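We did not get these values from a lab; they are worked out from the coordinates using the rules stated. Since this is a predicted model, take the numbers as computed values, not measurements. Here the Cβ positions follow ideal geometry from the backbone for every residue, glycine too, while neighbour counts run over all protein chains shown.
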Ligand SMILES: [Zn+2]
């Protein structure tokens, strides 16, 4: 079976993650503008078969109708150029794939999006994955119909999608609802740069593969011009997946939540969720934990309702929300994860929600 959960990371962390024991078999998407060295190293390590490269043009360059992507010449000679481009960046011996070198489609720029889709329609090299990186505003109620029409020519093709924002894309009810409808129209699509909750819901609604970011910059992509989040404050401890609550918070937050009780331990690395610190070694342990915890969470989700991934995802969220009741009243409901609560509010439109959970959303 195809492994649905992949990891999205950057060049400097890629080799370490690719060679972690827990992440050893996980599909890996690496953002690297000059990937030859990395591809060679991971090919030598036997990891190229599940390796995908993102050159990251979308982070800095905005698509225009005349120039929607790198590797695309003027005059409509898209096919030769994009297929030639992939040949120039991947060696023949490697089996890695690469996202198309698409530029970023700004919110509402339909002419640029249509030009990009036209270019992607002509891709024939199976190593090149047609990629659309755009503003999550496209998933808002004012744009979603037009956005879906723009993507329609790509029906039946493998595509990868990334949604960026100035701050935390794919957390609102309209965006999360729209994501389900887009995935229904493009079953098997890849979703790049998301957090675990969105990843699980996307798989349940048809995504073929999701790439969960190893840092908040890769979990919540920023639109060009908004920076990459800059330097974190001294003592910053990255987000840690709490597999029982389905939260992804800094262990410092968990320390506060569990100040008067014993914090739960990860069943795999055995570490209490509030035990990590700001040292390099601890941050590495967090990256390792997040990958193995994500696999465990996915396994737990699929066991919730065998035969129906959507019902599994829903029941899994119910269980995650109910686990929060142990934190009440010290931690108010409003501090619980916004995405988790919004996904449950969307579920509540069609599924019966127990009163105990209704009180939490
Ligand atoms: Zn762990």
Requested in this report: Choose one answer from 242, 45, 289: the residue with the largest mean-square fluctuation in a GNM of the chain with alpha-carbon springs under 10 Å.
Outcome: 45
Report summary line: Taking r as the C-beta separation of residue 83 and residue 155 and R0 as 22 Å, the FRET efficiency to the nearest 0.05 is 0.55
**Report entry** Among 330, 146, 265: highest mean-square fluctuation, GNM of the chain, C-alpha pairs under 10 Å
**Finding:** 330
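I'd like the per residue volume of the convex hull spanned by the Cα atoms of region 5-219, given in cubic angstrom. Walk me through the intermediate numbers first.
Values: hull volume 22.9 nm³, N = 215.
Looking at region 5-219, the number lands at 106 Å³ per residue.
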Report summary line: Taking N as the residue count of region 179-323, its alpha carbon Rg divided by 2.2 N^0.38 Å gives 1.10
Report summary line: Subtracting the Cα-Cα distance of residue 64 and residue 122 from 0.36 nm times their residue separation yields 19.1 nm
**Report entry** Value of relative contact order over the chain, rounded to a whole percent, pairs C-alpha under 8 Å and six or more apart
**Finding:** 14 percent
Report task. Give the calculated FRET efficiency between residue 322 and residue 255 to the nearest 0.05, with a Förster radius of 35 Å applied to their Cβ-Cβ distance. Result -> 0.95
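For the chain, what number results from the quotient of the Cα radius of gyration and 2.2 N^0.38 Å?
Normalised Rg, Cα atoms only: 0.98.
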Report task. Between 180, 149, 219, find the one with the highest GNM mean-square fluctuation for the chain; connect C-alpha pairs within less than 10 Å. Result -> 149
Query raised in the report: Can you list, largest first and rounded to whole Å, the semi-axes you get for region 240-358 by taking the square root of 5 times each eigenvalue of its Cα gyration tensor?
Result: 26, 18, 11
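Nearest-5 percent of antiparallel DSSP beta bridges in the chain? Provide the component values of the computation, followed by the final result.
Working: 5 of 35 bridges.
Bridges in the chain that DSSP calls antiparallel: roughly 15 percent.
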Report task. Compute the Rg/Rh shape ratio of region 128-265: radius of gyration over Kirkwood radius, all on alpha-carbon atoms. Result -> 1.03
Query - Extension gain from residue 284 to residue 41, taking 0.36 nm per residue of separation minus the Cα-Cα distance - result: 85.5 nm
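Evaluate region 181-228: find the radius of gyration of its Cα atoms, find its Kirkwood radius, and give the ratio Rg to Rh. Don't jump to the answer; show the numbers that get you there.
Working: Rg = 11.5 Å, Rh = 11.1 Å.
Here the Rg-to-Rh quotient is 1.04.
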